[in-house]
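The values are calculated or read from the model by the stated rules, or taken from the named source; none is laboratory data. Worth saying up front: this structure is predicted, and the values here are computed from it rather than measured. Heads up, the Cβs are rebuilt from the backbone with ideal geometry, glycines too, and the neighbour counts pull from every protein chain shown.
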Amino acid sequence: MSDIDVLKPETIAKPKIEQPRLYKVVLLNDDYTPREFVVQVLKAVFRTNEDQAYRIMMTAHQKGACVVATFTRDIAESKATEGTEMGRQKGYPLAFSTEPEE
């Protein structure tokens, strides 16, 4: 055999891809929005089932706030706005907020 150099493929450096930061959507308790309506909003916006929605609503009622779900920033803000707007359309002070996950 002849002296043929075996060529190795060049190593290509892959860029390090970071996972996007997650944000929590928080349901804030108020004393005016009916519980049934809060459950309805949670089911419609966050696709929870009846039991999950009831537990989230009761936790917020008892503790003042409850994390509903975590999403990327755009989705979290969109869902928080959608839920808050549903309450405003019915004249309720229902509010959702977002905050970065630690």
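Tabulated results
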| read-out | value |
| --- | --- |
| Complete set of residues in region 14-54 that are surrounded by 14 or more Cβ atoms within 10 Å (Cβ to Cβ), in a helix (DSSP H, G or I) and among the charged types (D, E, K, R) | LYS43 |
| Residue within region 86-97 that is charged (D, E, K, R), in a loop (DSSP other than H, G, I, E, B) and in contact with a Pro (Cβ under 7 Å, 6 or more places away or on another chain) present | no |
| Within region 55-96, tally of residues that are of a type outside the set (A, V, I, L, M), surrounded by fewer than 16 Cβ atoms within 10 Å (Cβ to Cβ) and under 9 Å from LEU27 (Cα atoms) | 1 |
| Which numbered condition ALA60 fails, given (1) out of contact with any Cys (no Cβ under 9 Å at 6 or more places or on another chain); (2) within 18 Å of GLU99 (Cβ to Cβ); (3) at pLDDT 95 or above | (1) |
| In region 9-49, the residues that are β-branched (Val, Ile, Thr), modelled with pLDDT under 95 and under 23 Å from THR70 (Cα atoms) | ILE17 |
| Verdict on GLN52 being at pLDDT below 95 and among the polar types (S, T, N, Q) | no |
